[in-house]
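Inspection log for the structure reproduced underneath, given as C-alpha cells.
The values are calculated or read from the model by the stated rules, or taken from the named source; none is laboratory data. Because the structure is predicted, anything quoted here is derived from the model rather than measured. Here the Cβ positions follow ideal geometry from the backbone for every residue, glycine too, while neighbour counts run over all protein chains shown. Surface areas here come from the heavy atoms of the whole protein model, side chains and all, with no ligands, DNA or RNA. Shrake-Rupley method; radii C 1.70, N 1.55, O 1.52, S 1.80 Å.
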Amino acid sequence: VKTDGDDNKIHVYSVKTDGSDGTLEEIEVLDGHLRHVHCLQFSLDGSVLASADTKDICVWDSANNFVPIVKKNMWCFHQQRITSMAWSPNGKLLASCGMDDNIFLWNIDKKMKRVNYPFAHQGGCTKIVFLDNDKIMTAGNDGCVCQWNVKKDIMTKFK
C-alpha cells in the first residue's frame with residue numbers, strides 16, 4: 001500500500017497478514033519531492049515505483065529499499081500537474097501525462113532522453129495506459145480517447 005501525504009513525502013505501508021485485523025504498518029517514507037505528490041504508479045512486477053508532483057517524476061527501486069533510480073530535477077519537463085503515469089509491460093518505459101496537454105515517454109535505461117507529444121489533449125490529459133510495449137491510450141478533458149502508436153519514436157529516440 002502506498003500513499004502520498006501533504007508533507008511532500010510518500011508513505012509506504014505493509015498490510016499485516018499474520019492473522020491480525022489487517023492493520024497497516026509503515027515500512028518506508030520516501031523524501032524526494034519539493035511539491036505535493038499527485039500520482040504514484042508501481043511497475044507491473046512491483047520492482048519500481050514512479051512518483052510525480054506538479055513538475056518532477058522520481059523513480060524508486062522498491063526491490064532494494066526504495067533507493068532512488070531517478071531523482072528530482074532529472075525528469076522535470078511537465079509544466080502543470082502530472083495526472084497519470086503508466087509502465088510498459090516490459091518495465092522499460094514510463095509514460096506520463098498532465099494538465100499541460102503533454103505526454104512524455106521516459107526510458108529507465110536511457111534516463112537523459114525522452115519523447116514528447118505536445119498538445120495531446122486540449123485542457124489536459126487525465127489518463128494514460130500502455131496497451132502493449134508499442135501503443136498507449138490516453139483520455140483527456142477534451143472528451144477524446146486517443147490511441148498512439150509510439151514504436152517508431154521509441155526506436156528512434158531510445159536506440
What does the convex hull of the Cα atoms come to per residue for the stretch 69-159, in Å³? 82
Enter the Cα centre distance for the pair the stretch 102-159 and the stretch 14-86, rounded to the nearest angstrom. 20
Over the stretch 59-159, average the accessible area per residue using a 1.4 Å probe and give it in Å², no decimals. 52
With +1 on the Cβ of every Lys and Arg and -1 on the Cβ of every Asp and Glu, the dipole magnitude of the stretch 89-158 about its Cα centre, in debye rounded to the nearest 20, is 360
25 Å Cα-Cα threshold exceeded, pairs from K16/K92; K110/K135; K16/K55; K9/K151: K16/K92; K16/K55; K9/K151
Could you work out how far apart the two model spin labels at N73 and V15 are, taking each label as a point 7 Å from the Cα in the direction of the beta carbon, and quote it in nm? 3.9
Based on DSSP H runs of at least 4 residues, each adding -39500 (n - 2.57), what is the mean residue ellipticity at 222 nm of the chain after dividing by all its residues, to the nearest 500 deg cm²/dmol? -1000 deg cm²/dmol
Given the options V145, V37, V48, which has the most mean-square fluctuation in a GNM of the chain, springs set between C-alpha atoms less than 10 angstrom apart? V145
Accessible-area composition of the chain, carbon plus sulfur, in percent [1.4 Å probe]: 48
How large is the Kirkwood hydrodynamic radius of the chain, counting all unique pairs of alpha carbons, in Å? 16.1
